[in-house]
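What follows is a single structure, written as structure tokens, with notes after it.
The values are calculated or read from the model by the stated rules, or taken from the named source; none is laboratory data. No experiment lies behind these values; they were computed from the predicted model shown. Counting neighbours? That spans all protein chains shown, and the Cβs are built from the backbone with ideal geometry, glycine included. Ligands, DNA and RNA are excluded from the accessible area calculation, which covers all protein heavy atoms including side chains. Shrake-Rupley method; radii C 1.70, N 1.55, O 1.52, S 1.80 Å.
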Amino acid sequence: MSEPSAETILLTPFLGKKRLHTLHFATTGRQLLKLKVLAGSVKILHASYSADSANWLDTPRRNGDYRHRHQLFAGEEARLEFDIGCVHQHLDKIFLMNGALWQKAVVEVQVSAVPVTTARIEPTTSGSTV
């Protein structure tokens, strides 16, 4: 299976038309984002649907130490794994935002699902009988 191709995204400064890019998902589960910031800085935010506001404003509720916000600067690369969930039949989203007010940001993004690995259970034999 081949790797998905990377998408280059331009995020404009304050008065530009595209300060934000949204990543939508078709299924729940773990997703891997490979990011490379070519210019400026990019904020990455994982958000869950809020029934109160009817928008994606809630912090995802996950067990353990789960970071839902990240920031990368020009020249940095990262592999970030997100656990995409579903609230009231709305899948989580990931937002890429320009981290600077007056300069553009350019980022390469590659999204792929993290394969689910199933543990193989080997039968054990016991030498004793009951």
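Residue 19: net charge of surrounding residues, Cβ under 15 Å, Lys/Arg +1, Asp/Glu -1, itself excluded?
Details: positive: 17, 18, 43, 104; negative: none.
Surrounding charge for residue 19 is +4.
Heavy atoms only, probe 1.4 Å: what % of the accessible area of the range 1-118 goes to carbon and sulfur, would you let me know? Don't jump to the answer; show the numbers that get you there.
Values: 3810 of 7510 Å².
Here it works out to 51 percent.
Note on the range 4-56: dipole from Cβ charges, positive end direction compared against 37, 20, 50; the farthest Cα belongs to 37. Count Lys and Arg as plus one, Asp and Glu as minus one, and take only other residues whose Cβ is under 9 Å from that of residue 72; the net charge is then 0.
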